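The values are calculated or read from the model by the stated rules, or taken from the named source; none is laboratory data. Since the structure is predicted, the reported quantities are computational estimates derived from the model, not experimental observations. Methodologically, a virtual Cβ is constructed for each residue, glycine included, from the backbone with ideal geometry; neighbour enumeration extends over all protein chains shown. What goes into the accessible areas is simple: the full protein's heavy atoms, side chains included, and nothing from ligands, DNA or RNA. Shrake-Rupley method; radii C 1.70, N 1.55, O 1.52, S 1.80 Å.
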Amino acid sequence: MPIVVGAALLEDNPEQLISFVLDISERKQAQQQLQHTLQTLQTLFDAAPLGVYLFDADFRIRQVNPTALSVFGDIPDLIGRDFDEVIHVLWPPEYADEIVARFRHTLETGEPYFVPERIEERRDRRVIEYYEWQINRIPLPEGGYGVVCYFRDISTQVYARQAIAESESRFRLMVESAKDYAIFTLDLNGIITSWNSGAERLLGYPETEALGCNTRMIFTPEDNEQGLPEWEMQIALTQERAENERWHMRKDGSRFWASGLMMPLQNQAGNIQGFVKILQDKTVQRQASEQLHLLYETTRDLLATEQPMQLMSNLFNKLCAQLELHYYYNYMVEEKDNRLMLHLKNYEGISNQAAESLAWIEFGQYLCGLVAQERRQIVLDQTQISTHPNAQLAYSIGITAYAGQPLIVRGRLLGTLSFASCTRSGFTPEEIDLLQSTCEQMAIALERANLLTSIQQQAEQLQQANRIKDEFLAVLSHELRSPLNPILGWSKLLKTGKLDAAKTAQALTVIERNAKLQSELIEDLLDVSRILQGKLSLNVSPVDLVPTIQAAMETVQLAAQAKSINLRLTILDSGLDNVGVNREFTACNEQVGNLSNIKTPIQVWGDPNRLQQVIWNLLSNAVKFTDVGGRVDIQ
């Protein structure tokens, strides 16, 4: 323990020495404790994040910690200098005067002063700094009062707040500028907390009416029944975003198709405070997609059928669902009473009685006739229908929107196709284009069906031509053989040398006649083709059938003799003056020549060569299919 040892002489007895021991432990400990406390305080003072400086009653700086030194900068011999002088070095006069006045007021009155945020514009620095400071009067050890100032640099926090404010301002500006987007925020219960002008325009609710309402008001009833608003928030919480496309409701009850994005909103601590939702109207794009799909389906169906007229009602039903249509009229160009008119082939929305009265119309009559006459698309809105001279009938039955299209392919008018509505005031340009494209596809399908029918007819005609060709070749072969047979037969008989002069003369006559006949056949090949095609040209004149029959019988005589077939000619009483009774002639072997003795003519009106061909064909076939030893009768 600390002690003090000492000795002293007695005054009255110098020979005596007095010694003593004094225990100073407590005082020493108190001094050490005080020293330690002062060191601790100095350490805290030096290491404090706050700037601290003290000046006395004479306004001279007594003490400054290291943090405060950074503010005073490079001013030399700071301790002991006049505070007023230092302040005027650092800051502009007006600001320095204000600070000095405030500090003197506190020194005189003891009234503390606190400034939560103060802009310090230093002369020696370009950057604006922000400080939070407080001044207090304190007693001095030697008596009297001084002033202590505590200050803290809050520039970083201020700049951060300013950046956040500017970011929020930019965000609000961006949100308000996004006219094509509905942007609004919700709390965790789905209550709307902010509402931009795009949301007001798209959804129809003003901001004052939307704030505080539940977001379920913009969902369809069926989506609300399924709990989709809550499900969407849950998805956004678990997956950090929820995206979808669906129907939404406006304030007036109308629906629109929109793509939506919902994301959670977090504070600086990372806690979710609510949600932000962004909607974009996609109705036009959806309608365009649906119309494109409809056009694709229509084209596919029209290409797959050979009877496009049967698809008219199906096509109308598809268009009706999208465009609110109530009528359609399909007229085709047809001939009636030797002139072209429009014939109603398909329709919807009118009674059968009304359709009968409109079954045939003239070009230029009503709106459909005007479309056909002008060969162009005609589209009328409600106002135009009420005043158009051709739209009186349409106006009388309540039509408020009309679109008619001519069905034209390769410059040829096939007919017209018109659509009408009783609830719309007009059609949009996109809908007009859809109707026009649909009608163009229908026209192409009709032309395709006509081409298929034409090709089918041509195929049948080609098959018929092939049959005619085969028949022609068969007839040609038969016709060419018919005169050859007697020529060959009589030639063989002549070669035997057994014929007398009369038979030889007859043989030569038959050969000559059949040779001429064959020559005529060859020359008439084209005529035979015309016969098979129904285009026979005849040289008509009075003809006696007796020599015609005789020539034909002579042609087939040799073939008949080879099969011992009797050819018998019977001329019946025809009631003519020069024919009194029935007479019968038998031609077998040489008896054919006796026919030349018949004096009674059988007069007809015809082509002698064609008649002879007919008779010998008949006789040739008769001989061919008659049994040996049989008989062929000619009446």
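Accessible area per residue was computed with a 1.4 Å probe on protein heavy atoms; Lys345 scores about 90 Å². Between Arg375 and Lys503, with labels modelled 7 Å along Cα→Cβ, what's the label distance in nm to one decimal, could you check? Between Arg375 and Lys503, the label points sit 8.1 nm apart.
Here the label points at Asn224 and Ile522, each 7 Å from Cα along the C-beta direction, are separated by 10.1 nm in the simple model. A Förster distance of 41 Å, applied to the separation of the beta-carbon atoms of Glu166 and Thr43, puts the FRET efficiency at 0.50.
Distances between placed amide hydrogens fall under 5 Å for Gln63 paired with Leu54, all partners being 5 or more residues away or on another chain. In terms of Cα to Cα distance under 22 Å, which lysines are near enough to Lys516, apart from those fewer than 8 places away along the same chain? Within the straight-line cut-off, Lys516 pairs with Lys492, Lys495, Lys503. Of the accessible area of the range 365-432, with the probe set at 1.4 angstrom, what percent is carbon plus sulfur? That fraction is 50 percent. Legend: residues Phe625, Phe275, sorted from most to least accessible area (1.4 Å probe; ligands, DNA and RNA excluded), read Phe625, Phe275.
Each peptide in 395-407, 195-207, 418-430, 244-256 was scored by the mean count of other Cβ atoms within 10 Å over its residues; highest first, the order is 395-407, 195-207, 418-430, 244-256. Counting only protein heavy atoms and a 1.4 Å probe, the range 320-468 has 52 square angstrom of accessible area per residue.
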